[in-house]
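Attaching a single structure in structure tokens format; questions to follow.
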Amino acid sequence: MTASEKQPASEQPQDTPAPDTQETESASVVPTAKIGDIVHYVLDNGTRPGVHRPAIVVDVLPDGRLDLQILTSNTRDFGPGQTGSAGTLWKTDVVQNEDAKAPNSWHHIEA
């Protein structure tokens, strides 16, 4: 009789994926944002397009796009009188882009 035949079924070893498989699967899963989260928004205009700025999630649309209230660096990011030069910027229907971090997109804050 083998060792596995002597053990009750509940005590027999179970097949589990290798630890590196579990890490790979969990690393590829990026949770979506929820209302109140802080994410990064990539500026698409002003004096410094491409710069990342913190944004508060105001609404999450069914397709994953977000409405954001973005904190800007006043006239460093936008010229005097431009939208965003007072320290905030409102953007709606912003798409997620974790890889390229394209202008006018949002992504989770980098570690």
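Using modelled backbone amide H atoms (1.01 Å from N, in-plane), which distant-in-sequence or interchain residues come within less than 5 Å of Q96's amide H?
Amide H to amide H, under 5 Å and 5 or more residues apart or across chains, Q96 pairs with W106.
So what are the ³J(HN,Hα) numbers for the range 45-50, from phi and the Karplus equation (6.51, -1.76, 1.60; θ = phi - 60°), rounded to whole Hz, Gly and Pro as x?
8, x, 8, 9, x, x
Mind listing the phi-derived Karplus ³J(HN,Hα) values for the range 82-93, rounded to whole Hz, using 6.51, -1.76 and 1.60 with θ = phi - 60°, and x for any glycine or proline?
Computed from phi, the couplings for the range 82-93 are 6, 4, x, 6, 8, x, 9, 9, 10, 10, 10, 6 Hz.
Counting other beta carbons within 10 Å of each Cβ, put E110, E98 in order, fewest first.
Neighbour counts put them in this order, fewest first: E110, E98.
Could you go through the range 54-62 in sequence order and give the Karplus-derived ³J(HN,Hα) for each residue, using 6.51 cos²θ - 1.76 cosθ + 1.60 with θ = phi - 60°, rounded to whole Hz, and x for Gly and Pro?
Result, rounded to whole Hz: x, 9, 9, 6, 9, 8, 10, 7, x.
Scan around T88 for amide H atoms under 5 Å from its own, H built in the peptide plane at 1.01 Å from N, and keep only partners 5 or more places away or cross-chain.
The answer is T72.
For the range 34-111, what is the convex hull (Cα atoms) projected area averaged across all directions, in square nanometres?
4.8 nm²
Between beta-carbons, use under 15 Å as the cut-off and find the net charge around Y41, counting Lys and Arg +1, Asp and Glu -1.
-3
Moving on. For the range 34-111, with only Lys/Arg (+1) and Asp/Glu (-1) charged at the beta-carbon, what is the dipole magnitude about the Cα centre, in debye rounded to 20?
Around 280 debye, computed over the range 34-111.
Values in this text are rule-based calculations from the coordinates and carry no lab data. As the structure is a prediction and not an experimental result, all values here were calculated from the model. Positions of Cβ are backbone-derived with ideal geometry, glycine not excepted, and every protein chain shown enters the neighbour counts.
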